[in-house]
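Just so it is clear, none of the values below were taken in a lab; they were calculated from the coordinates. Quick caveat, the model's predicted, so the values are computed rather than measured. All Cβ positions, even for glycine, are placed from backbone atoms using ideal geometry, and neighbour counts span all protein chains on display.
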């Protein structure tokens, strides 16, 4: 009996020893993944960019380098722009988010020192094809006043200095850097659907159409107006979709209008109840679908028209094909001429 209990005790000790060994191996594996992780350092709580306010005041540009592209935000007399002084304006809210984030950013716990593991937490040097984003603040003399490689893994933000391999968690937040178009200020106008009174459409085959509705009517109340009042709608949706296209204006890119290589293939003029007109010309370019915008000042819409032109003049805005198609419908997809409408109504 005593021998049996002894064997059982030994067996339990062996099992417990095996569990302890397994836990030790798991700990070592976790340690080897992140290197000396979750450790305190003398940087804990210190600002990532000391004296950021002074650096910000002297900043002439902010350069962002990624593994597959690089872009620069430039401080001009007319505000921050993308690329150079003639570039497209940068969103002020996104720029403020970046400045606030960099100023508040502080070092957290140390993570890996292993250069082979930096890509796992988004801190590989992008100049060598790594996963990180290199942020460099350039002063008036063209010198780098401050720099940081930053990246994310899951919801955690990480950072390190470009000339150091030690990685850290960082406390704070920064805007995404991986889409330069997200920095562009496409807040050109805001027109509600109930403000639109009419639309003129000129399609690619030379046909034209005028759609209108009365004040207070629904979004699906557009009907052919003079001289097309005897035309028959294919459907109410066929009329309302292009009529309200401007309310869904959502660019995905931009380029100087001077770089357009083709002639426009459609024209779309939106009219509002208070006298504003927005004239859109559509272009099918080798590199995508683009539109130009010109507001016509009239009546109470004069101030808004001038504001729109200040932002849009000289630029061609890229749209997704689906959105571009709403500005360029064939007239035949919206209405039938009176003769064809009568023929369609005849019994077989």
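Note on residue 58 and residue 303: their simple-model spin labels are 4.2 nm apart, each label 7 Å out from Cα toward Cβ.
Residues 155, 217, ranked from the fewest to the most other C-beta atoms within 10 Å, line up as 155, 217. Cβ-to-Cβ counts within 10 Å put 201, 223 in ascending order as 223, 201, the fewest first. The P(r) of segment 175-301 has a tail past 23 Å containing 39 percent of all C-alpha pairs. Note on residue 86 and residue 332: the extension gain reaches 84.4 nm, defined as 0.36 nm multiplied by sequence separation minus the Cα-Cα distance.
Here residue 273 and residue 78 are evaluated by their C-beta separation; at R0 = 35 Å the FRET efficiency comes out at 0.60. Exposure proxy for 178, 158: other Cβ atoms within 10 Å of each Cβ, ordered fewest to most, give 178, 158. For segment 52-183, the pair-distance distribution built from all alpha carbon pairs, in bins 5 Å wide starting at 0, is 2, 11, 20, 24, 21, 13, 7, 2, 0 percent. Across segment 52-183, the mean sequence separation of Cα contacts (distance under 8 Å, 6 or more residues apart), normalised by length, yields a relative contact order of 27 percent. I'd like the per residue volume of the convex hull spanned by the Cα atoms of segment 78-133, given in cubic angstrom. Convex hull of Cα atoms, per residue: 117 Å³. With r defined as the distance between the Cβ atoms of residue 155 and residue 260 and R0 fixed at 25 Å, what FRET efficiency is calculated, to the nearest 0.05? According to the calculation, E is roughly 0.05.
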